[in-house]
Amino acid sequence: MVLSMAIMTDAAASQSKQNVAKLAPHGNRIPFVVLQEATNYFDNQMVIGVGGFGKVYRAVMQDGSKVAVKRGNPKSQQGLAEFWTEVEVLSGVRHRHLVALRGYCDEQNEMILVYENMEKGTLRSHLYNSDKPPLSWNKRLQICIGAAKGLHYLHTGFKKSIIHRDVKSTNILLDENLSAKVSDFGLSKVGGGVDDTHVSTVVKGSFGYLDPEYFRRQQLTDKSDVYSFGVVLLEVICARPALNPSLPKEMVSLAEWGMEWQKRGQLYQIIDPRIAGNIKPEALKRYGDTVEKCLADHGVDRPTMGDVIWNLEYALQLQESGEDNSDMSMNNTFSQLVSTDGRLTGLNCCVSPSCSTQLHMLIEGSICSHSELPQPS
Ligand SMILES: Nc1ncnc2c1ncn2[C@@H]1O[C@H](COP(=O)(O)OP(=O)(O)OP(=O)(O)O)[C@@H](O)[C@H]1O
Ligand SMILES: [Mg+2]
């Protein structure tokens with residue numbers, strides 16, 4: 001459910017519409033009859049999901065390509081302004097980690113958005129409350145890296161950064177290869193340039209993911225997306241919703257609850273049990289530290305999405321590095337290096353730079369600086 005403390009005026013929507021007209025070569029206007037045919041007259045059996053904007057239908061276009069057709073409900077809280085924002089922002093954007101907009105339809109007061117179809121649905125549906133097989137820890141890391149790259153591109157790939165404003169696990173979609181793409185820019189805002197780092201705005205976003213600083217000060221920066229992404233990272237490793245009102249009070253908010261465990265150095269206590277045994281402690285440490293930085297109270301203390309990508313790639317590298325020990329727990333890894341009488345053994349393994357890094361961390365209990373690390377691929 002999207003939280004919207006103010007609704008944009010029709011004037012704003014009309015301005016957006018004019019802006020889209022200027023983008024004409026990119027924006028692809030699709031006739032209503034074509035979409036009727038593709039969705040079997042908006043047959044309920046073709047519905048693949050329902051969000052605040054309206055129903056989403058799976059459809060096949062005349063050229064045989066599969067698409068997702070999102071048809072705005074005129075009564076929806078997310079109205080005309082969000083529709084035109086989505087068209088305006090997405091029409092000009094192409095990136096392998098952002099869901100592509102194939103076109104739109106505004107005939108007969110319709111608000112219809114046509115996206116590339118994301119075969120495997122939302123990230124959330126692979127984490128909890130579904131019968132889908134659990135994603136491995138490595139795959140979860142790869143998905144987070146992909147989504148982070150999409151957001152990083154929005155923040156840095158244009159003259160003015162684009163702030164997503166509704167980063168959450170239902171807005172990260174997976175294609176047939178489980179590669180992640182960020183979707184739903186309907187709430188997004190164009191941020192400032194170099195000297196102008198925030199946008200004053202009414203508060204919009206989704207409960208459970210909302211940056212508390214943005215809520216207090218109503219000043220939006222790209223660090224608000226970083227906060228929301230930190231909540232997604234917790235969701236991914238704990239496999240529970242950002243908000244669960246049915247839990248005891250101290251557990252309702254995932255951000256607060258997760259941070260308590262992380263600050264105690266015990267994030268491992270609340271990991272999804274289906275992957276807990278497969279996470280290497282050094283990868284977990286890097287991941288937990290990244291979550292903690294993303295969820296810092298003040299935006300200035302949070303990393304950029306570029307830093308987040310770097311840290312997640314490093315966590316993945318730590319996870320994948322070393323001998324064939326991808327499923328080892330810390331105890332297993334350490335016992336391979338230390339014999340029963342406590343002397344170091346297995347030195348062959350320690351010759352490789354990545355293993356010596358791991359050993360260094362096990363012994364020192366610390367994290368190396370960037371310069372010591374192998375570069376992410
Ligand atoms: N491009 C797509 N490909 C495949 N499925 C999609 C696509 N876009 C949306 N969906 C499906 O439709 C559902 C509704 O999406 P929608 O973006 O309207 O709402 P939401 O993000 O779940 O929630 P909210 O509207 O509250 O932000 C999604 O949960 C997903 O299952
Ligand atoms: Mg969505």
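The values are calculated or read from the model by the stated rules, or taken from the named source; none is laboratory data. Because the structure is predicted, anything quoted here is derived from the model rather than measured. Every residue, glycine as well, gets a Cβ built from its backbone with ideal geometry; the counts of neighbours run over all protein chains shown. Just the protein is used for accessible areas: all its heavy atoms, side chains included, with ligands, DNA and RNA removed. Shrake-Rupley method; radii C 1.70, N 1.55, O 1.52, S 1.80 Å.
Points worth noting:
- Ordered from largest to smallest accessible area (heavy atoms of protein chains, 1.4 Å probe), the residues Met259, Met305 come out as Met259, Met305.
- Accessible area per residue for segment 121-321 is 40 Å², calculated with a 1.4 Å probe on protein heavy atoms, without ligands, DNA or RNA.
- Taking a Cβ cut-off of under 12 Å around Asp289, the surrounding Lys, Arg, Asp and Glu residues balance to a net charge of +1, with basic ones at +1 and acidic ones at -1.
- Legend: translational diffusion of segment 121-321 by Stokes-Einstein, Rh = Kirkwood radius over C-alpha pairs, 25 °C, 0.890 mPa s; D = 145 µm²/s.
- Which listed pairs, of Lys70/Lys249; Lys70/Lys149; Lys159/Lys285; Lys249/Lys285; Lys223/Lys263, have C-alpha distances above 32 Å, in listed order: Lys70/Lys249; Lys159/Lys285
- For Trp257, the accessible surface of its heavy atoms amounts to roughly 40 Å² (probe 1.4 Å, protein chains only, rounded to the nearest 10).
- With all protein chains in place and ligands, DNA and RNA left out, the 1.4 Å accessible area ranks Lys223, Lys293, Lys249 as Lys249, Lys293, Lys223, largest first.
- Ranking by accessible area, most exposed first, for Met251, Met61 with a 1.4 Å probe: Met251, Met61
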